[in-house]
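Asks: Pasting a structure below so you can have a look.
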Amino acid sequence: MDKILLKHLQDISLSLFRKDFFGIYHGSISSKISSGSFLINKHETIFDEFNEDSMIKIHSDSKDYRWNEASIDANIHEEIYKNVLSAKYICYTMPQYTTSYSLYNELITPKDYFGKTVLGDIEVYDPKQFVDWYERAPAEISNYFTINDTNIMVIKGYGIYAYDRDIYELVKKIAILEKSCRLLSLARD
């Protein structure tokens, strides 16, 4: 495994965990290795203890035993990589303010400087029901990214999916969105 890539993923995962964007076993992060393979965290990853054993390389063309060890989100990451050629890194997080704000709003309109200038308005995607969400999610999330001109998706009551070519830009946008939703919530109260 590329030691520099691993170090970046460790740093990002620890930071997201400390901000409560990742839970103990909740969230996912991946990096595209080639057109048919990517690294993704394992399903039992503890994000503040992220190391080389936390990741697994899986191949899209063979659904072997490694898929059973990979994050529950692996199928979603695979579909995004397959259909969004500019995706190099993908992250799924469930930050508190963004997720709670999504429960009662169809549109996130940041009022702060960074939210307004970096992100602009973000629509909240409503999955309608969660009963079959994991069966529908790979296609719906991938379709959302291919149809809409955005690399960040807020899903009502579920969290954020985002991708980027630069891992630090990816995390920056997630952090700005969470801060904007926090400010909107505080201003409302």
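Bear in mind these aren't lab numbers, they're just calculated from the coordinates by the rules spelled out. The model shown is predicted, which means the values in this text are computed figures rather than measured ones. Cβ sites come from the backbone with ideal geometry, for glycine too, and all protein chains shown count toward neighbours.
Asks: Which entries in Lys63/Lys172; Lys88/Lys156; Lys57/Lys128; Lys3/Lys42; Lys19/Lys63; Lys3/Lys173 show an alpha-carbon gap greater than 28 Å?
Replies: Numbers: Lys63/Lys172 33 Å; Lys88/Lys156 25 Å; Lys57/Lys128 32 Å; Lys3/Lys42 18 Å; Lys19/Lys63 33 Å; Lys3/Lys173 25 Å.
Checking Cα-Cα distances, Lys63/Lys172; Lys57/Lys128; Lys19/Lys63 exceed 28 Å.
Asks: Describe numerically, in nm with one decimal, the distance between label points set 7 Å from Cα along Cα→Cβ at Ser185 and at Ser35.
Replies: A separation of 4.3 nm, rounded to one decimal place.
Asks: Can you classify the range 54-138 as rounded, prolate or oblate using the Cα gyration tensor, where a ≥ b ≥ c are the square roots of its eigenvalues, rounded means a/c under 1.5, and otherwise it's prolate if a/b beats b/c and oblate if not?
Replies: Values: a/c = 2.47, a/b = 1.78, b/c = 1.38.
Judged from the Cα gyration tensor, the range 54-138 comes out prolate (a/c at least 1.5, a/b above b/c).
Asks: Tell me the GluC sites (Glu not before Pro) within the range 100-137 that lie in a loop according to DSSP and have at most 11 other beta-carbon atoms within 10 Å. Walk me through the intermediate numbers first.
Replies: On the way: sites: Glu106, Glu123, Glu135; in loops: Glu106.
Loop-located and lightly packed - Glu106.
Asks: Report the local net charge at Gly115: Lys and Arg +1, Asp and Glu -1, summed over other residues whose C-beta lies under 13 Å from its C-beta.
Replies: Values: positive: Lys111, Lys116, Lys172, Lys173, Lys179, Arg182; negative: Asp112, Asp121, Glu178.
Once positives and negatives cancel, what remains is +3.
Asks: Please report the net charge: other residues with Cβ closer than 14 Å to the Cβ of Glu178, K and R +1, D and E -1.
Replies: Values: positive: Arg18, Lys19, Lys172, Lys173, Lys179, Arg182; negative: Asp20, Asp112.
Taking every other residue near Glu178 into account, the sum is +4.
Asks: Whole-Hz ³J(HN,Hα) for each residue in the range 65-78, computed from phi via Karplus 6.51 cos²θ - 1.76 cosθ + 1.60 with θ = phi - 60°, x for glycine and proline: what do you get?
Replies: 4, 4, 5, 6, 8, 6, 3, 4, 8, 4, 5, 5, 4, 4
Asks: Evaluated at 10 °C with a viscosity of 1.306 mPa s, what Stokes-Einstein diffusion coefficient in µm²/s does the chain have when Rh comes from the Kirkwood expression over alpha-carbon pairs? Before the final figure, lay out the partial values.
Replies: Working: Rh = 16.7 Å.
After rounding, the answer is 95 µm²/s.
Asks: Have a look at Ile147, Ile108, Ile33 and tell me which one the Gaussian network model of the chain (Cα, springs below 10 Å) gives the largest fluctuation.
Replies: Of Ile147, Ile108, Ile33, the Gaussian network model singles out Ile147 as fluctuating most.
Asks: Can you give the calculated 222 nm mean residue ellipticity of the chain, where each DSSP H run of n ≥ 4 adds -39,500 (n - 2.57) and the sum is split over every residue, rounded to the nearest 500 deg cm²/dmol?
Replies: Details: 6 runs with 76 residues, N = 189.
That calculation yields -12500 deg cm²/dmol at 222 nm.
Asks: Classify the range 89-168 from the C-alpha gyration tensor, please: rounded if a/c falls under 1.5, else prolate or oblate depending on whether a/b exceeds b/c.
Replies: Note, shape of the range 89-168 comes out oblate.
Asks: Using the basic label-point model (7 angstrom from Cα toward the beta carbon), what is the Asp149 to Glu52 distance in nanometres?
Replies: Label at Asp149, label at Glu52, 4.4 nm between them.
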